[in-house]
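Engineer: Let me give you the structure first, and then I'll get to my questions.
The values are calculated or read from the model by the stated rules, or taken from the named source; none is laboratory data. These numbers were taken from a predicted model, which means no experiment stands behind them. Don't worry about glycine lacking a Cβ; one is built from the backbone with ideal geometry, like all the others, and counts go over all protein chains shown.
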Amino acid sequence: MDKSRRKFLGQASVLTAGASLVPLAEVEAAINQQPLRRGGHAGKRYGMVIDLRRCIGCQACTVSCSIENQPPIGQFRTVVHQYEVADADSGEVASFMLPRLCNQCDSPPCVPVCPVQATWQQHDGIVVIDNEQCVGCGYCVQACPYDARFINHSTQTADKCNFCVHRLDVGLLPACVESCVGGARIIGDLNDPDSAINRVIAESYDDVKVLKPELGTRPHVFYIGMTDAFIDRIQGQQGLWFESEHGGLMGEPA
């Protein structure tokens, strides 16, 4: 452990003893104070469309992501939740699949709260983490309203989906996109008017939705065929010690 990291951990020891001490008001106030973007592909803006009409809930994306990115057993960068939704008129119950991952927001609240600048947004919009720089304080985990981040049990640093940026850099698709048997996930450059993602969005424009739009984070994971009830009611706990949608407890209570 380098000296700067050790020094920070020493100063933050009081805070890491209990997540309730993290000043969430400051986190909220910092949402619009984004640092400069760096790295990535200048001129591009990556986004993902998930067509829920094609998702069958097979979890191939979850498995392929785990194989590609090797998170600890029981922790996941992407998951597919299955819900039973009852029709208000007929009472009939149908299954509803909702894949979850980092939304690669245009104004990500997770970025400005990092005290060591271990997470940042690239020029192409992808939010990444340097786990060599990360001190595992969990501020970003609490700031994310989508429960997309977690503390990796093995590295004790922040972890999340990054659109498999290492694959994009060499011209490959993210593991989840490549393995989706229904072709429900489409990734592409939103700045390219001829890209597949822009064609799909244009074809279903009136049915394209994002999660929690009222927060002003401007997510860049778009859903087609999502029931309105899920737009602002998905679980996203602002706390380290709640049950995480990405695998077990994100920490042990003091």
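Engineer: Going by what's in this entry, would GLN33 be described as within 27 Å of GLY216 (Cβ to Cβ) and more than 19 Å from the chain's Cα centre (by Cα)?
Structural biologist: yes
Engineer: Still on this structure, please answer the following. Please state which of the following conditions ARG54 fails to meet, knowing it meets all the rest: (1) at pLDDT below 75; (2) over 18 Å from the mean Cα position of the chain (by Cα).
Structural biologist: With (1) at pLDDT below 75; (2) over 18 Å from the mean Cα position of the chain (by Cα) applied to ARG54, the lone miss is (1).
Engineer: Moving on to the next point. Do we have CYS134 as at pLDDT 95 or above and within 21 Å of VAL210 (Cα to Cα) here? First the steps, then the outcome.
Structural biologist: Working: at pLDDT 95 or above: yes; within 21 Å of VAL210 (Cα to Cα): no.
When the stated conditions are applied, CYS134 does not pass them.
Engineer: Using the structure shown, decide if ARG167 is within 19 Å of the chain's Cα centre (by Cα) and of a type in the set (D, E, K, R).
Structural biologist: Criteria met by ARG167.
Engineer: Another question about this same structure. So TYR146 fits all but one of (1) modelled with pLDDT under 95; (2) surrounded by fewer than 18 Cβ atoms within 10 Å (Cβ to Cβ); what number is the exception?
Structural biologist: (2) is the only condition that TYR146 fails.
Engineer: While we're on this one: Which condition does ASP130 not pass, out of (1) under 24 Å from LEU36 (Cα atoms); (2) in contact (Cβ under 8 Å) with a residue 24 or more places away in the chain, if it passes all the others?
Structural biologist: Answer for ASP130: the failing condition is (2).
Engineer: Something else: With (1) modelled with pLDDT under 95; (2) buried (at least 22 other Cβ atoms within 10 Å of the Cβ); (3) of a type outside the set (A, V, I, L, M); (4) over 13 Å from the mean Cα position of the chain (by Cα) as the list, and ASP87 as the residue in question, which single condition is left unmet?
Structural biologist: (2)
Engineer: Of all residues being surrounded by fewer than 17 Cβ atoms within 10 Å (Cβ to Cβ) and of a type in the set (Asp, Glu) in the stretch 160-217, which is nearest to TYR139 (Cα to Cα)? Just the residue, please.
Structural biologist: GLU214
Engineer: Oh, and also: Got a number for residues in the stretch 118-143 being of a type in the set (D, E, K, R) and either closer than 23 Å to CYS61 by Cα or surrounded by 18 or more Cβ atoms within 10 Å (Cβ to Cβ) (or both)? Lay out the reasoning, then the answer.
Structural biologist: At the first step, the residues of the stretch 118-143 found to be of a type in the set (D, E, K, R) are 124, 130, 132.
Now drop any that are not either closer than 23 Å to CYS61 by Cα or surrounded by 18 or more Cβ atoms within 10 Å (Cβ to Cβ) (or both), which leaves 124.
Final tally of qualifying residues: 1.
Engineer: Could you tell me which numbered condition CYS102 fails, if it satisfies all but one of (1) under 23 Å from ASP51 (Cβ atoms); (2) surrounded by fewer than 21 Cβ atoms within 10 Å (Cβ to Cβ)?
Structural biologist: (2)
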